[in-house]
Amino acid sequence: MMMTSKMPVLVALAPLLAATMLAGCKGEAPNRQSLPPQVVTAASVSMREMNGGLSASGRLVPREETAVAADLAGYRISRVLVEEGALVRKGQTLAVLDDSLLVSQIAQLRATLAQQQVAFEQARQEASRVDGLENQGVLSNEAIASRKFAARNSGAARAATQAQLNDLLVRQAHLIVRAPSAGLVLERTARPGDTSSSGTALFTMARDNLMELYAELPEASTTEIHVGDPARVILASGRTLQGTVRLIGERVDTTTGLVIARIALPVDSELRQGGFAKATFVRPVRVATLPESAVRYDADGASVMVIDGNTRVHRQAVRTGRHADNLVELREGPPEGTRVAVKGASFTLDGDTVRIAGAVR
């Protein structure tokens, strides 16, 4: 009977007990808005100069490649005087063609020329004797004219032979293959005993021993460099040379989408045609930057926490570029002057209120 009398009391208190327990649970886990603001440091998006980050690789090629061929065809190569890797001066003899055929022809023409010279002198003397005797009856005008024509004809024959001799002498001079400029011999295909032919290179040279790097760049990156910009070139051996952008190609490769930038290099014995090298372009570029620690990376990509005028943070996606000196380039993101949370930003969510404890430069 006692239990029966207490049952209505317990039923009446059940809602009150449930409310008390719920209130107790809420007191143990207060909501996020009741927590103190997250302390963060802040940095502003600023325009700064950053040294390259843009790099490209390619092969070493001669700045100007020269093919040296024989001027005359059909002559045997008698001597080759240089090998690959030789440094030659302008006009230096590289090879000599056999001139035995020309020597005999030159000797014959010189003998003929000597005879014609004698005949010319005789005809000229005979013509001079009758000079002024026209219409005087000593000789007929026809005989006088014949002597003068004979002298002129003899002189013309002598001049023709002299021209033929000069032609052979020029040919003989061209049997010596000379370097058209100073430079480095890259390749030698001339061999003693071979017959020369027009248009066939006997030697290939790098003019003035100048090499340059054919650096391959994506088309979009060509806007970041200019002719005259400095470039740091790293050779396969690890050595570093200072180069200069000499030329940026106008043609985009339809297969690779790459553009060639030609980087001039100083004369160096380690530079070899076909060698591999990598270039980093070091021209300072003025870009929007933030401290690297301000950028967060997750499955959605790179982002920053932008601080608004009410000291609330908002996530904004960004696209980054080069990195240098603990800074990162913002290619897409908030404009210059925008405040961004740095230290402590990883503990914030979009819309949280923060307290700024200091600034990061």
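The values are calculated or read from the model by the stated rules, or taken from the named source; none is laboratory data. Keep in mind that what you see is a predicted model, and the values were worked out from it rather than measured. FYI the Cβ positions are ideal-geometry reconstructions off the backbone, even for glycines, and counts take in every protein chain you see.
With a requirement of 3 or more residues that are more than 30 Å from Gly243 (Cα to Cα), the strands (runs of 3 or more DSSP E) lying completely within segment 35-126 that satisfy it span 38-44, 77-80, 93-97.
Pairs linking a residue in segment 250-263 that is part of a loop (DSSP other than H, G, I, E, B) to a residue that is at pLDDT 90 or above, with Cβ atoms under 6 Å and 6 or more positions apart or on different chains, are Val252/Val259. On the stretch given as segment 309-320, residues that are surrounded by 15 or more Cβ atoms within 10 Å (Cβ to Cβ) and part of a loop (DSSP other than H, G, I, E, B) total 2. Criterion applied to Leu213, Leu175 was being surrounded by 15 or more Cβ atoms within 10 Å (Cβ to Cβ) and at pLDDT below 95, and the one residue passing it is Leu175. When every residue of segment 298-306 is checked against the conditions, none turns out to be part of a loop (DSSP other than H, G, I, E, B) and surrounded by 12 or more Cβ atoms within 10 Å (Cβ to Cβ). Has segment 260-272 got any residue that is touching a helix residue (DSSP H, G or I) at 6+ places or on another chain (Cβ under 9 Å), in the same structural domain as Leu241 (by TED's automatic domain parsing) and aliphatic (A, V, I, L, M)? For segment 260-272, residues touching a helix residue (DSSP H, G or I) at 6+ places or on another chain (Cβ under 9 Å), in the same structural domain as Leu241 (by TED's automatic domain parsing) and aliphatic (A, V, I, L, M): present. Considering only segment 158-174, I want to know if a residue exists there that is farther than 26 Å from Ser104 by Cα and either assigned to a helix (DSSP H, G or I) or under 52 Å from the mean Cα position of the chain (by Cα) (or both). The answer is no, given that none of the residues of segment 158-174 is farther than 26 Å from Ser104 by Cα and either assigned to a helix (DSSP H, G or I) or under 52 Å from the mean Cα position of the chain (by Cα) (or both). Scanning segment 221-244 turns up one or more residues that are among the small types (Gly, Ala, Ser), in the same structural domain as Lys278 (by TED's automatic domain parsing) and assigned to a helix (DSSP H, G or I).
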